[in-house]
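*Asks:* Take this structure first; my questions come after.
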Amino acid sequence: PDALASRRLREVLDLCLECKGCKAECPSNVDMARLKYEFRAIYHGTNGRSLRSLILGNIATLSRWGSLLAPVSNWTVKFGLLRELLEKQAGIDRRRALPTFSSQTFVQWFRARGGSRPSSPSNGRVVLLPDTFTNYNHPELGKAATKVLERLGYEVVLPRMKCCGRPMLSQGMMDKARANARFNVDSVYPYVAQGYKLVGLEPSCILSFVDDYVDLLGGDFRARAVGENTMLIEEFVLHAMGHGEEAGLPFKRPPGKLLFHGHCHQKALVGAGPTLDLLRSIPGCDVMEIKSGCCGMAGSFGLEREHHDISLRIGEQTLFPAIRSEQGPFTVVAEGISCRQQIQHGTGEEARHLVEVLADAL
């Protein structure tokens, strides 16, 4: 039992990317990501927690302060001395660009416009998850999602939510992740009980409701009900387009050639099929899936000084060469924030989220 808190076991699990590929692709379906969460909880409980672990596990709190202090905070995170300090004291590699913060969050924008204004007649309501990264770093994605869902005739509802808990899980903060999961299930379940779907944009965040919450909350029937009614944005759009005569999206602008890279949790738990089917429903869209594994960033993995180089080597296996070898005009589509960061870092290409492509095509 002592080995569960040993540095040797930490070294053994160090290069697990928590991609959940083992759960989807291995015949024994062992969820190594979940085992690593549990190990880290035991390890940090015995050996203490590092400054980096505290920073990465509490990214939602730091992001809230980053938005409150923007644009000063954005200048600060690019400042050479601070980056040097973060590298020396927390092991966050200075060669990585850190996400910037929006002075107006997605939730603030949504409230300022007076909520949702769906097309008439209304096809019902849909609950949209304002995840940490959409809310504080990329509110433009929430705005695009609102546009798409309203054009489908749905009233968008933003529930009171806390961080999904994924960053906490990755740092072994099981109790904090469990508390957030309980809060979020309590907030969303009343909507699910009325027949509404929960929809999200960041795969690792929204799929926590599908995969991790049932385990964290001991099989709570409400957590299971929420998970069964949770969808990625592309799943919901396809669902909506297949129900009712009024449902549909009037695509007018073909997006051209698209290269799609799937997020690890997306591929493991949902698959790339819904994304590809939706993109191919846009007239004039030529989409190709990049047959890559993990991009290498793997959440915070690629931010860590000791993992920076191997993170890029993982990207060089398939993903980066596939993008660099493409000829003519094209757009890279990736739904994970870490995937888009890695693609920009490794190839210089600015990848876009699927929902941005959909909104622009309307």
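*Asks:* Taking the Cα centre of segment 278-332 as origin and charging only Cβ (+1 Lys, Arg; -1 Asp, Glu), how large is the dipole, in debye to the nearest 20? Write down the numbers at each step before the final one.
*Replies:* Numbers: 5 positive and 7 negative charges, 22 e Å.
Rounded to the nearest 20 debye, it is 100 debye.
*Asks:* Next question, about the same structure. Could you give the dipole magnitude of segment 102-152 about its Cα centre, charging the beta-carbon of Lys and Arg +1 and that of Asp and Glu -1, in debye to the nearest 20?
*Replies:* It comes to approximately 200 debye.
*Asks:* On to the next question. Can you give me the C-alpha center-to-center distance between segment 344-362 and segment 165-189, rounded to a whole angstrom?
*Replies:* 29
*Asks:* Test of the criteria: in segment 76-182, which trypsin sites (Lys or Arg not before Pro) are in a DSSP loop and have at most 16 other Cβ atoms within 10 angstrom of their Cβ?
*Replies:* Values: sites: Lys78, Arg83, Lys88, Arg94, Arg95, Arg96, Arg111, Arg113, Arg125, Lys143, Lys147, Arg151, Arg160, Lys162, Lys176, Arg178, Arg182; in loops: Arg94, Arg95, Arg96, Arg113, Arg160, Lys162.
Taking segment 76-182 and a limit of 16 other Cβ atoms within 10 Å, the loop trypsin sites (Lys or Arg not before Pro) found are Arg94, Arg95, Arg113, Arg160, Lys162.
*Asks:* Skipping prolines and chain starts, which residues have an amide H placed within reach, meaning under 5 Å, of the one on Lys257, given they are 5 or more residues away or on another chain?
*Replies:* The list, which skips near neighbours in sequence, is Asp286, Thr331.
*Asks:* Could you state the accessible area per residue of segment 153-235 in Å², with a 1.4 Å probe and every protein chain left in place?
*Replies:* Using a 1.4 Å probe on heavy atoms only, each residue of segment 153-235 averages 34 Å².
*Asks:* While we're here: Give me the percent of accessible area attributable to carbon and sulfur for segment 1-141, probe 1.4 angstrom. Write out the running numbers ahead of the final one.
*Replies:* Values: 4630 of 7840 Å².
Accessible surface attributable to carbon and sulfur in segment 1-141 totals 59 percent.
*Asks:* Same structure again: For the charge dipole of the chain, defined by +1 on Lys and Arg C-beta atoms and -1 on Asp and Glu C-beta atoms about the Cα centroid, which residue among Pro159, Pro71, Gln327 has the Cα displaced farthest towards the positive pole?
*Replies:* Going by the charge dipole, the pick is Pro71.
*Asks:* 7 Å from Cα along Cα→Cβ at both Leu81 and Ser50: what's the point-to-point distance in nm?
*Replies:* Reported label-point gap for Leu81 and Ser50 is 2.5 nm.
*Asks:* Residues of segment 191-221 with backbone nitrogen within less than 16 Å of a virtual label 7 Å along the Cα-to-Cβ line of Leu269, please, listed as ranges.
*Replies:* Those under the cut-off are 198-220.
*Asks:* Using the beta-carbon distance between Ala97 and Arg160 and R0 = 30 Å, what value does 1/(1 + (r/R0)^6) give for FRET efficiency, to the nearest 0.05?
*Replies:* 0.45
*Asks:* Given a Förster distance of 30 angstrom, what is the FRET efficiency for Lys88 paired with Leu15, based on the Cβ-Cβ distance and rounded to 0.05?
*Replies:* Step by step, r from the Cβ atoms, then E = 0.80.
*Asks:* Would you kindly state how much longer the chain becomes between Asp215 and Leu68 on full extension, computed as 0.36 nm times their sequence separation minus their alpha carbon distance, in nm to one decimal?
*Replies:* This chain segment gains 49.5 nm when fully extended.
*Asks:* Let me have the 222 nm mean residue ellipticity of the chain computed from DSSP H runs of 4+ only, each contributing -39500 (n - 2.57), with the sum over all residues rounded to the nearest 500.
*Replies:* Details: 21 runs with 187 residues, N = 362.
It lands at -14500 deg cm²/dmol.
*Asks:* Suppose accessible area is computed on protein heavy atoms with a 1.4 Å probe; arrange Ile310, Ile92 from highest to lowest.
*Replies:* Putting Ile310, Ile92 in descending order of accessible area: Ile310, Ile92.
*Asks:* Where does the Debye-calculated log10 I(q)/I(0) of segment 136-253 sit at q = 0.19, 0.20 Å⁻¹, using only Cα point scatterers of equal weight, no solvent?
*Replies:* -1.04, -1.12
*Asks:* Helix 59-68 against the longest principal axis of the chain: what's the angle in degrees, Cα atoms only, rounded to the nearest 10?
*Replies:* 60
*Asks:* Ignoring ligands, DNA and RNA, what accessible area per residue does segment 258-344 give at 1.4 Å, in Å²?
*Replies:* 37
*Asks:* As an exercise, use a Förster radius of 22 Å and the Cβ-Cβ distance of Glu25 and Glu228 to find the FRET efficiency, rounded to the nearest 0.05.
*Replies:* Taking R0 as 22 Å, the efficiency between Glu25 and Glu228 is 0.40.
*Asks:* Run the reach check for Lys291 against lysines, Cα to Cα strictly under 19 Å, same-chain hits fewer than 8 apart removed. What comes back?
*Replies:* Within the straight-line cut-off, Lys291 pairs with Lys20, Lys23, Lys257, Lys267.
The values are calculated or read from the model by the stated rules, or taken from the named source; none is laboratory data. These numbers come from a predicted model, not from an experiment. Reconstructed Cβ throughout: ideal geometry from the backbone, glycine too, with neighbour counts over all protein chains shown. Only protein heavy atoms, including side chains, enter the accessible area calculation; ligands, DNA and RNA are left aside. Shrake-Rupley method; radii C 1.70, N 1.55, O 1.52, S 1.80 Å.
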